[in-house]
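Colleague: Before I ask anything, let me first share the structure, which is written out below as structure tokens.
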Amino acid sequence: ELKEIVFIIQSQSNSFHSKRAEDLKRDILKQAADLGKELPTVLLIHQMDGHEGAWTILPLMRDFSVTYGRNSSWIFFCEEDTRIQVVKLLETLGRFDRSKEWFLGKALYDEESTIIHHYAFAENPTVFKFPDFAAGWALSIPLVNKLAKKLKSEPLKSDFTIDLKHEIALYIWQKGEGPHLTPVPEFCTDDVNSYEVDHCATTFSNFLPLCGEPVKREDIFVAVKTCQKFHGDRIPVVKQTWEREAALIEYYSDYADTSIPTIDLGIPNTDRGHCGKTFAILERFLNHSSPRTPWLVIVDDDTLISIFRLRKLLSCYDPNEPVFLGERYGYGLGTGGYSYITGGGGMVFSRIAVQKLLASKCRCYSMDAPDDMVLGMCFSGLGIPVTHSPLFHQARPMDYPKGYLSHQIPVSFHKHWNIDPVKVYFTWLAPNTEESLHGKKAGYSREDL
């Protein structure tokens, strides 16, 4: 029965995202009403009070078990852009014995061991499957109850949440004692308009959001963090690739080099975190850039970014809201920690977010503290949630499953290790690839990247 499914939408409190999640909730409930069925429960994760780490899902298992453990059969998780055919989803879940422990989803796997998964399964990374959240994924109630019991006796140990889908699959697998992910062909990430989706219970709207005209080039101020030892190899890559897309760009270093040019902020370079430098950049943006410039982007000198796509993406966000946008990681979320935007993929701030941050007393606890984590801690203390976009990437294209990137139009990648960064940029991020084909992906080969 439909009423035995609890739908959980991975929503966010930012107004753009919460509206999309509400639209999906309405669509699910309308489909249920049109079927004449008793309405299912549909929950938005950002509305679950008291859980800074609700987005990591595992801390909610005990609540799910207590609230739904008796009268429900399935918890079905989806993203705000997942599209659900309720009748087909019912038929699909109906194939599985709900009295058993099931972990269902569209399977992803690593082609080679990768840093974002701590080089797990290095011998043969393809053996371990984890779910593509965009297609939706499901847990049977017996498995939810088992996980809740385990969490009660063994609290979550991991300090960092880096790739949630992989970490949840690892936790459920329990070193081979728990269930593996069961691949479900009806859970799809094909576009809803694709001719291939007739069999699909779920689809995914895999476009770059555009909410009106892209923001103007002059509305984005780009700050590049660098240091003298990288002026010769990393800065030329920026100049060959994405610099031309940026109208307002400055390079901040520990040495003023007029040939680039770089600006010496008077902050010595550190080998570890760059908190002092980042806060100096924030102060400079607030006090020395035009107050009419609503957006600041801070990137590393080895970040590859599409400003062209970022302008489209930012058309969906209200610059009058405090926005802190990028790829979300978590620290200590099982024990009252905080979420943060990981710096390598690029950190995007609305001017109002910078104003609120600098008006507070929150600052670096040391000059070489990790800047992205300190920012996350500060914004958490101010009650300003980070806003996650999976289009920003802390690592290289080869560090992600091909199936995961296949339904993305990425905004950034990071690191120059063992790759040709110029080639990566022109293959994955340059304008006039899919843009020139009316939103369809260009037919270039990404296999060697």
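Colleague: Summarise the long-distance tail of P(r) for the range 347-435 by giving the % of C-alpha pairs beyond 22 Å. Before the final figure, lay out each step's value.
Modeller: On the way: 1779 of 3916 pairs.
So the pairs more than 22 Å apart make up 45 percent of the total in the range 347-435.
Colleague: For the range 2-204, what % of the accessible area comes from carbon and sulfur atoms, probe 1.4 Å? Present the calculation step by step, with values, prior to reporting the outcome.
Modeller: Values: 4740 of 9430 Å².
The value for the range 2-204 is 50 percent carbon and sulfur by accessible area.
Colleague: If you don't mind, another one. Can you quote the Å³ per residue value for the convex hull of the Cα atoms in the chain, rounded to an integer?
Modeller: Details: hull volume 66.2 nm³, N = 449.
Each residue corresponds to 147 Å³ of Cα convex hull volume.
Colleague: So, one more: Which is the longest part of the chain that has none of the trypsin sites (Lys or Arg not before Pro) sitting in a DSSP loop with at most 16 other Cβ atoms within 10 Å?
Modeller: 364-439
Colleague: So, one more: With no solvent and one point per C-alpha, what does the Debye sum give as log10 I(q)/I(0) for the range 56-189 at q = 0.11, 0.12, 0.15 Å⁻¹?
Modeller: -0.39, -0.47, -0.74
Colleague: With a 1.4 Å probe and all protein chains left in place, how much accessible area per residue does the chain have, in Å²?
Modeller: 43 Å²
Colleague: Within the accessible area of the range 217-438, what % is carbon and sulfur when the probe is 1.4 Å and the other protein chains stay in place? Spell out each step's value before the answer.
Modeller: Working: 4260 of 8280 Å².
Reported share for carbon and sulfur atoms: 51 percent.
Colleague: Please report the antiparallel percentage of the DSSP beta bridges confined to the range 239-386, to the nearest 5. If you can, show how the numbers build up before the last one.
Modeller: Values: 10 of 13 bridges.
So the antiparallel bridges amount to about 75 percent of the total.
Colleague: Please report Rg over Rh for the range 1-43, where both radii come from the alpha carbon positions and Rh follows the Kirkwood definition.
Modeller: Values: Rg = 11.1 Å, Rh = 10.8 Å.
Looking at the range 1-43, the ratio lands at 1.03.
Colleague: Suppose only helical runs count, i.e. DSSP H with n ≥ 4. What mean residue ellipticity at 222 nm does that imply for the chain under -39500 (n - 2.57) per run, divided by all residues and rounded to the nearest 500 deg cm²/dmol?
Modeller: Numbers: 12 runs with 119 residues, N = 449.
That calculation yields -8000 deg cm²/dmol at 222 nm.
Colleague: Could I ask something else about it? Mean separation of Cα pairs under 8 Å and 6+ residues apart, divided by the residue count of the chain: what relative contact order is that in percent? Let's see the in-between values first.
Modeller: On the way: 892 pairs, mean separation 64.8, N = 449.
Rounded, it is 14 percent for the chain.
Colleague: Just the projected area, averaged over all directions, of the convex hull on the alpha carbon atoms of the range 155-293: how many nm²? The partial results should precede the final answer.
Modeller: On the way: hull surface 60.0 nm².
That works out to 15.0 nm², a quarter of the Cα hull's surface.
Colleague: FRET efficiency for Lys239 and Lys216, Cβ-Cβ distance as r, R0 = 30 Å, nearest 0.05? The partial results should precede the final answer.
Modeller: Values: r = 22 Å, r/R0 = 0.74.
Using R0 = 30 Å, I get an efficiency of 0.85.
Colleague: Something else about it: Between Asp34 and Val66, what is the FRET efficiency for a Förster distance of 35 Å, r being their Cβ-Cβ separation, to the nearest 0.05? Please list the in-between numbers first.
Modeller: On the way: r = 31 Å, r/R0 = 0.90.
So, using R0 = 35 Å, E works out to roughly 0.65.
Colleague: Binned at 5 Å from 0, what are the whole-percent values of the Cα-Cα distance distribution for the range 1-84, short to long?
Modeller: 3, 15, 25, 24, 20, 11, 3, 0
Colleague: With just the Cα atoms defining each centre, how far is the range 266-289 from the range 59-86? Give it in Å.
Modeller: That distance is 43 Å.
Colleague: Against the globular-protein guess of 2.2 N^0.38 Å, express the Cα radius of gyration of the range 217-438 as a ratio, rounded to two decimals. Display every interim value, and only then the final one.
Modeller: Numbers: Rg = 16.6 Å, N = 222, 2.2 N^0.38 = 17.1 Å.
Cα-based Rg divided by the globular estimate yields 0.97.
The values are calculated or read from the model by the stated rules, or taken from the named source; none is laboratory data. Owing to the predicted nature of the structure, the values given are computational and were not obtained by experimental measurement. Please note: Cβ atoms are built from the backbone with ideal geometry, for glycine as well, and neighbour counts cover all protein chains shown. Note: areas computed on protein heavy atoms with side chains; ligands, DNA, RNA excluded. Shrake-Rupley method; radii C 1.70, N 1.55, O 1.52, S 1.80 Å.
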